[in-house]
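I have placed the structure first, in the form of structure tokens, so that the comments after it can refer back to it.
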Amino acid sequence: MFAAWIRVTSDEAPDIISALSPEAGRELPRTKACLRLEDGAGVIELTASDASAMRAALNAYLECIRITEDIGRITR
């Protein structure tokens, strides 16, 4: 079993967690995600059954974080 945590400490952390929460309900194959706010930071906890599934989950969530931050910058 593989595990990883992504901690987002930007001002957009609450928006990022809110935007990504539906994705946690739509699990990637062989992975599980838990999203929460913790001390003002967004925390994404990922577990996967194998390294390939972990890589795919990390890539997917990191890309979603990037897109959400880009949208935040554009709309300000």
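At a glance:
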{"item": "Full-stretch length increase - Ala56, Arg76 - with 0.36 nm per residue and alpha-carbon distance subtracted", "result": "4.1 nm"}
{"item": "Hypothetical label at Ala4: residues of segment 33-76 whose amide nitrogen lies under 13 Å (7 Å Cα-Cβ projection)", "result": "33, 44-65"}
{"item": "Point-charge dipole on Cβ atoms (K/R +1, D/E -1) for segment 1-45, about Cα centre, debye to 20", "result": "320 debye"}
{"item": "For the chain, size of Cβ-based charge dipole, Lys and Arg +1, Asp and Glu -1, in debye", "result": "200 debye"}
{"item": "Kirkwood Rh, Cα atoms: Rg over Rh of the chain", "result": "0.98"}
{"item": "Spin-label pair Cys34/Asp11, simplified geometry with 7 Å Cα→Cβ offset, distance in nm", "result": "3.1 nm"}
{"item": "Ranked order, Ser18, Ser52, Ser10 - accessible area, probe 1.4 Å, largest first", "result": "Ser18, Ser52, Ser10"}
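The values are calculated or read from the model by the stated rules, or taken from the named source; none is laboratory data. Keep in mind that what you see is a predicted model, and the values were worked out from it rather than measured. When we count neighbours, we look across all protein chains shown, and the Cβ atoms used for this are built from the backbone with ideal geometry, even at glycine. When the accessible area is computed, the model is the full protein with side chains, heavy atoms only, and any ligands, DNA or RNA have been set aside. Shrake-Rupley method; radii C 1.70, N 1.55, O 1.52, S 1.80 Å.
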